[in-house]
Amino acid sequence: MKGLSLRFLTALALLVLFKGHGIGFPAVVDTDMAPDDVRAIVMLLNSGIAEGQLMATSDGALSPQQGARNLQKIAAFFGKGNIPIAQGRAQREWDTFLVVHALRKKGILK
């Protein structure tokens with residue numbers, strides 16, 4: 001996750017150089033609303049170099065539903081409340097149990 005955020009922030013920093021030339025880009029954001037994602041989203045929305053086309057929340061730090069509610073508030077704060085926000089499916093504990101059980105059965109996990 002740290003490497004992904006570092007790559008995103010590096011790309012964002014490089015794109016700031018293009019802003020002086022009037023070049024913008026469309027952005028699609030997929031997030032689990034972890035603090036590093038929120039920081040990157042705030043930087044993106046505040047930068048003015050990217051125009052969000054779609055944002056999606058996935059299961060992780062928050063449920064997709066709670067993440068979408070928080071993301072809508074953040075987007076509205078920056079005057080981008082019109083960006084569509086999609087919610088992913090919440091992972092159920094039973095799904096995780098089945099995956100872990102299958103990996104243990106194959107000897108991949110102990």
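The values are calculated or read from the model by the stated rules, or taken from the named source; none is laboratory data. From a predicted model like this one, the values you see are computed outputs, not experimental measurements. Cβ atoms come from the backbone with ideal geometry, glycine included; neighbour counts cover every protein chain shown.
Name the residue that is nearest to Thr10 (Cα to Cα), counting only residues in the range 43-61 that are surrounded by 19 or more Cβ atoms within 10 Å (Cβ to Cβ) and modelled with pLDDT of 80 or more.
The qualifying residue nearest to Thr10 (Cα to Cα) is Leu44.
Which condition number does Glu93 fail, the rest of (1) surrounded by fewer than 15 Cβ atoms within 10 Å (Cβ to Cβ); (2) modelled with pLDDT of 85 or more being met?
The failed condition is (2).
Would you pick out the residues in the range 71-85 that are touching a helix residue (DSSP H, G or I) at 6+ places or on another chain (Cβ under 8 Å) and either small (Gly, Ala, Ser) or within 15 Å of Asp32 (Cα to Cα) (or both)?
Across the range 71-85, the qualifying residues are Leu71, Ile74, Ala75, Gly81, Ile85.
Check off (1) modelled with pLDDT of 85 or more; (2) among the polar types (S, T, N, Q); (3) out of contact with any Ser or Thr (no Cβ under 8 Å at 6 or more places or on another chain) for Thr10 and give me the number that stays unchecked.
Just one mismatch for Thr10, condition (1).
I'd like to verify a number: residues in the range 30-42 that are under 16 Å from Ile85 (Cβ atoms) and surrounded by fewer than 16 Cβ atoms within 10 Å (Cβ to Cβ), how many?
2
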